[in-house]
Amino acid sequence: MTSSTEFSPAIATRRGGTTDHVANALRQSIVTLELVPGAQLDKRVLTARFGVSRFPISEALNRLKREGLVDVRPQSGSRVSLIRLSDAEENLFMRRALEAEVAETLARRGDADLLAELKDNLRRQKIAVDTDDREGFHALDLALHDRMVEALAFPRLRAITESVRLSLDRVRRLLGSPRRHAVTYGEHVEIVAALEAGRPEDARAAMVAHIDAVLTELRIFCRKHPEVFADLTAPSADGRP
């Protein structure tokens, strides 16, 4: 029998696996907006939901705190973090700089196999738009951008762009609507058309316009819903947003 002070790899593995499961499930709920910015995260409710003890719940919340998705406050409890507009603007700035360069470079290459993949993605995007398949469109949108970056075969570039896009996931879903998806599809068509025509400057300009359109819509959204953004919401007397 293992004593209470003795290290048990099996127990550590089970605990780590449980924490991973809880953290992954909560992360998914947060980025898909099932748990909206500012939502209370009651540990008693979470232990019942996941059927686990408080320890993996606390560990998962601390992990998500480090990722900027959860605010953990001992006195007032944990909440889903509000979005920082300044962070979103910075991440969009980085996306524009990196992915505009990607588009320009790919337009110079004229990769027929890549173009065939991107055009197939666009075909499926159109179906998702026409059927109002929002989750499907979101996945295809991410896949299009990721495939373009992947085509350059620069692992660090791909890691950076993926990290930046993940940090914008909640913003993208907040802005998601049938109208926005239709507009985004049209912007993607322009990008791929410039790649196919081998027009590097047009490919760069189309990517810049695409990402700038997201920034414009974000700024309109934040004026209508300032309560979602940490840097637009005045703190209350107890320091909570």
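The values are calculated or read from the model by the stated rules, or taken from the named source; none is laboratory data. The structure displayed is predicted, hence computed values, not measured ones. Don't worry about glycine lacking a Cβ; one is built from the backbone with ideal geometry, like all the others, and counts go over all protein chains shown. Each accessible area value is taken on the protein alone, full model and side chains, heavy atoms only, with ligands, DNA and RNA left out. Shrake-Rupley method; radii C 1.70, N 1.55, O 1.52, S 1.80 Å.
Starting from the exponent 0.38 and prefactor 2.2 Å, build the expected Rg for region 130-241 from its residue count and divide its actual Cα Rg by it. Mind dumping the intermediate values first?
Details: Rg = 16.7 Å, N = 112, 2.2 N^0.38 = 13.2 Å.
Ratio of Cα Rg to 2.2 N^0.38 Å: 1.26.
What does the charge add up to near S86, with Lys and Arg as +1, Asp and Glu as -1, over the other residues with Cβ less than 14 Å from its Cβ?
Numbers: positive: R84, R219; negative: D87, E89, E90, D231.
Residues close to S86 contribute a combined charge of -2.
Could you tell me the convex hull volume per residue, in Å³, taken over the Cα atoms of region 12-124?
171 Å³
Beyond 17 Å, what share of the Cα-Cα pairs of region 186-232 remains, rounded to the nearest whole percent?
Summing the P(r) tail past 17 Å for region 186-232 gives 46 percent.
Between region 59-99 and region 114-134, what is the separation of their alpha carbon centroids in Å?
30 Å
With every protein chain present, what accessible area does R49 have (1.4 Å probe, heavy atoms only), rounded to the nearest 10 Å²?
Roll a 1.4 Å probe over it and R49 shows about 110 Å².
Give me the accessible area of H225, 1.4 Å probe, in Å² rounded to the nearest 10.
Accessible area of H225: about 70 Å².
From the protein chains alone at 1.4 Å, what is the descending order of accessible area for E187, E59, largest first?
E59, E187
Looking at the chain, I'd like the Rg to Rh ratio, where Rg is from alpha-carbon atoms and Rh is Kirkwood's inverse mean 1/r.
Dividing the radius of gyration by the Kirkwood radius yields 1.05.
What per residue convex hull volume, in Å³, do the alpha-carbon atoms of region 148-188 yield?
64 Å³
Can you return the aspartates and glutamates within cross-link range of K126? Criterion is Cα-Cα under 19 Å, with same-chain partners fewer than 8 residues away left out.
Of all the aspartates and glutamates, those that pass the test against K126 - Cα under 19 Å, at least 8 places apart if same chain - are E117, E135, D141, D146, E187, E190, E196.
In a Debye calculation with equal point scatterers on the alpha-carbon sites of region 22-83 and no solvent, what is log10 I(q)/I(0) at q = 0.17, 0.18 Å⁻¹?
-0.48, -0.54
What number, rounded to the nearest 500 deg cm²/dmol, is the helix-based mean residue ellipticity at 222 nm of the chain, given -39500 (n - 2.57) per DSSP H run of at least four residues and division by all its residues?
Computed ellipticity for the chain at 222 nm equals -23500 deg cm²/dmol.
Computed over the Cα atoms of region 61-201, what is the ratio Rg over Rh, Rh following Kirkwood?
1.04
Before anything else, pin down the relative contact order of the chain: Cα pairs under 8 Å, at least 6 apart, normalised by residue count, whole percent.
24 percent
When we measure straight from the Cα of K65, which lysines land under 29 angstrom away, once same-chain ones fewer than 8 places off are left out?
In chain and number order, the partners are K43, K224.
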